[in-house]
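Laboratory data are not the source of any read-out in this text; all were calculated from the coordinates shown. Because the structure is predicted, anything quoted here is derived from the model rather than measured. Note that we place each Cβ from the backbone using ideal geometry, even for glycine, and neighbour counts take in every protein chain shown.
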Protein chains: 2
Amino acid sequence: MFTKSVLSSVFALLLFSSCVTWANQSETSKQGPIAIALHGGAGTLSPQQFTPELKAQYYAKLSEALEAGYRILQTGADGQDAVVAAIMILENSPLFNAGVGAVYTFDAEHELDASIMHGKTREAGAIAGVKHIKNPILAAQAVMNHSVHVMLSGDGAETFAEQFAIERVDNTHFNTERRLQSLHKAKARIKRQASLNYQHPEKFGTVGVVVLDQLGNLVAGTSTGGMTAKRFGRIGDSPIIGAGTFADNASCAVSATGHGEYFIRYQVASDICKRMTYQNLSLAEAADEVINRVLVDAGGDGGIVAVDAQGNVAMPFNTTGMYRASIDANGVKTVAIFE
Amino acid sequence: MFTKSVLSSVFALLLFSSCVTWANQSETSKQGPIAIALHGGAGTLSPQQFTPELKAQYYAKLSEALEAGYRILQTGADGQDAVVAAIMILENSPLFNAGVGAVYTFDAEHELDASIMHGKTREAGAIAGVKHIKNPILAAQAVMNHSVHVMLSGDGAETFAEQFAIERVDNTHFNTERRLQSLHKAKARIKRQASLNYQHPEKFGTVGVVVLDQLGNLVAGTSTGGMTAKRFGRIGDSPIIGAGTFADNASCAVSATGHGEYFIRYQVASDICKRMTYQNLSLAEAADEVINRVLVDAGGDGGIVAVDAQGNVAMPFNTTGMYRASIDANGVKTVAIFE
């Protein structure tokens, strides 16, 4: 998986050594600004939910992913390597609803979705409903880099991934007692409501990373276990390019987390970037407008992390909390859960 | 399925009878303008491919679907009923790659996708990869109207549809000799190329309908059998809200047909509407910009049909042909395949 990373690094060195005068925005004059922002989901969170130990665990894991991604950006690697590395750390933690922390479906299995988009080429890759891929973001990356398609689903996506030696696991790999309890609670509520229109209260778990690399590339990636007790092969916004994930070097990179159906209908990720391009808004203005006005008016809960070509970071959310962390172009580091 | 249609008609009558002065844009003063546009796919078409009889068949079926949708709009029904009725006629014809004319997957089956979006509420419904639903647009409509979700896939989508008495068929219902021959040719080419990156030449089959109803609602729907010899659970743009289908009463309704991966990456359907809203472009300008500049620059072949709130129609395509038909707000009817 890092072959491309090595090539990118070599390319970066070659490019910058031949156009030093162009790269005048940093003191070292050999690299453009870099930035990274990530989230581990948004939702109805309250400080009372967190013991000091649990809060420390979240902060530590968010920091670990953030710094791993940042170090890769510092090497001059392509942004996609930083996105994938940081997301894998979050996928491998049971704290977040992605990878090993994935929630259960109605049938007590796990179905995972992921997507990634590269702002330079606007190439994108997404997988939906896979059950045996340890790190779904790797499969999404393989789709982006090695398939003529953008979105693969189900067994077919797993067959595709097999060709790239992406680690497979039994579906029970994703079992955790905490998520199983959530399923039991959700099914009890569904039974009481006896309705197809059960409103899932636990709908905000997702992880996502956006970066600006030294070459000015904006890359976004998102990974999720979906919605507790989801049925009917439901696909949320995380694997939908434009909804949960979007990147365009001309504007911004966005990864979303929230009530996915609203994020699809309102094209949240791409709408933020398009408002920058078409309305000449700043990243902060565009992100605030979509999350705190459009989505709030529509009733859509959630948030996003975003970065623009100057390394500005925006992390607005309209819920009470969002697990998030960032290092902007000035090197300012933030790790937070609440406002 | 027409319960809502009847209710809509009643609602329309009540509304218009109580605000006649508002409805001043038509001579009858009881209805707003209506318009409809539809496509049956775009691609490398040449006049030499068509015998007079075959061309007449296409024209007749496009007209039949167009007029069926238009008549429903004339009753004052909600636009979604016109969209669904017109798409069902195209799905039930073997001439188009949707419903009974669906292409074959690599494994010689049929997997169908469809989506619909209502511009008033921005509610949307989509299904991906169903094998046994005779008219996929009906299942997409059921998702829009009866599910808290936007997108359902595979077996789960079929289970959901069962609850709404939507007609099921054996997968062989979609078998046609013509499409089987296409599969044989495609598999021979894949074998020669021995590549995962086989570029499917037959990638443009889709049907789609957009309407403006008397109440000013813009509705868009799309249905497809996907790509001949598709593998790995590939999902194209047709069931992706924002890519293949988009509707917003404030701007336009769009249904796309073309090389789906480009339409996802460039958010074709929603981008046209957003350029109208954010850049104050006309429908014709926005549609032309996206299809004939952005997509052409990127190498993405295809076209769209679109209608705006005034009943203007745009049907640009960057291929040699697109099966299409429309009746605009002035009652001008068009049926065409080439420029």
How far apart are the B:N175 label points across copies, placing each 7 Å from Cα toward Cβ, in nm, shortest first? 4.2
With a ≥ b ≥ c taken as the square roots of the eigenvalues of the C-alpha gyration tensor of the range A:32-336, please select rounded if a/c is under 1.5 and otherwise prolate if a/b is larger than b/c or oblate if it is not? rounded
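Please compare each pair in A:K131/B:K134; B:K191/B:K230; A:K134/A:K187; A:K131/A:K230; B:K187/B:K230 to a cut-off of 18 Å on the Cα-Cα distance and tell me which ones are over it. Present the calculation step by step, with values, prior to reporting the outcome.
Working: A:K131/B:K134 28 Å; B:K191/B:K230 14 Å; A:K134/A:K187 26 Å; A:K131/A:K230 14 Å; B:K187/B:K230 10 Å.
In this structure, A:K131/B:K134; A:K134/A:K187 lie more than 18 Å apart at Cα.
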Would you list, by chain and number, the aspartates and glutamates whose Cα falls below 13 Å from the Cα of B:K274, excluding same-chain residues fewer than 8 positions away? A:D271, B:D248, B:E285, B:E289, B:D308
Express as a percent, rounded to the nearest 5, the fraction of DSSP beta bridges in chain B (both residues included) that run antiparallel. 90
Quick one: 3J(HN,Hα) in Hz for the range B:319-330, Karplus 6.51/-1.76/1.60 with θ = phi - 60°, rounded, Gly and Pro as x. 9, 6, x, 8, 5, 7, 7, 7, 10, 8, 5, 8
Can you find, among A:A35, B:A325, B:P136, the residue sitting farthest towards the positive end of the charge dipole of the protein assembly as shown, where Lys and Arg contribute +1 and Asp and Glu -1 at Cβ? B:P136
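From the square roots a ≥ b ≥ c of the eigenvalues of the alpha-carbon gyration tensor of the range A:205-295, which class results: rounded (a/c under 1.5), prolate (a/b over b/c), or oblate? If you can, show how the numbers build up before the last one.
On the way: a/c = 2.52, a/b = 1.52, b/c = 1.66.
Here the range A:205-295 falls in the oblate category.
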Positive end of the dipole of the range A:37-151, charges at C-beta (+1 Lys, Arg; -1 Asp, Glu), about the Cα centre: which of A:L73, A:L62, A:I89 has its Cα farthest in that direction? A:L73
Among A:P47, A:F338, A:I116, which residue has its Cα positioned farthest towards the positive end of the charge dipole of chain A, with +1 placed on the Cβ of Lys and Arg, -1 on the Cβ of Asp and Glu, and the dipole taken about the Cα centre? A:P47
Fewest first, what order do A:D301, A:D155 take by the number of other Cβ atoms within 10 Å? A:D155, A:D301
Axis proximity, chain A to B: residue whose C-beta lies nearest, plus whole-Å distance: A:Y278, 2
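Would you kindly work out the equivalent ellipsoid of the protein assembly as shown from its C-alpha gyration tensor and give its semi-axes, the square roots of five times the eigenvalues, largest first in whole Å? Could you put the intermediate results ahead of the total?
Values: eigenvalues 307, 147, 133 Å².
With the √(5λ) rule applied to the protein assembly as shown, the semi-axes are 39, 27, 26 Å.
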Can you give the calculated 222 nm mean residue ellipticity of chain B, where each DSSP H run of n ≥ 4 adds -39,500 (n - 2.57) and the sum is split over every residue, rounded to the nearest 500 deg cm²/dmol? -10500 deg cm²/dmol
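Order of B:I166, B:I304 from fewest to most other C-beta atoms within 10 Å?
On the way: B:I166 20, B:I304 33.
In order of increasing Cβ crowding within 10 Å: B:I166, B:I304.
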Tell me, what HN-Hα J-couplings in whole Hz come from the Karplus equation 6.51 cos²θ - 1.76 cosθ + 1.60 at θ = phi - 60° for each residue of the range A:228-233, using x for Gly and Pro? 4, 6, 5, 10, 6, x
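For chain B, which DSSP H helices look membrane-span-like by this rule: Cα extent along the axis of 20 Å or more and mean Kyte-Doolittle of at least -0.5? Walk me through the numbers on the way to the answer.
Working: long enough: B:3-17 (21 Å, 1.55); B:52-74 (32 Å, -0.42); B:177-193 (24 Å, -1.68).
Both cut-offs are met by B:3-17, B:52-74.
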Expected sort for A:V332, A:V100 with the fewest Cβ neighbours (10 Å cutoff) up front is A:V332, A:V100
On a straight-distance basis, which aspartates and glutamates could pair with A:K333 in a cross-link, Cα separation under 14 angstrom, same-chain partners fewer than 8 positions away excluded? A:E64, A:E67
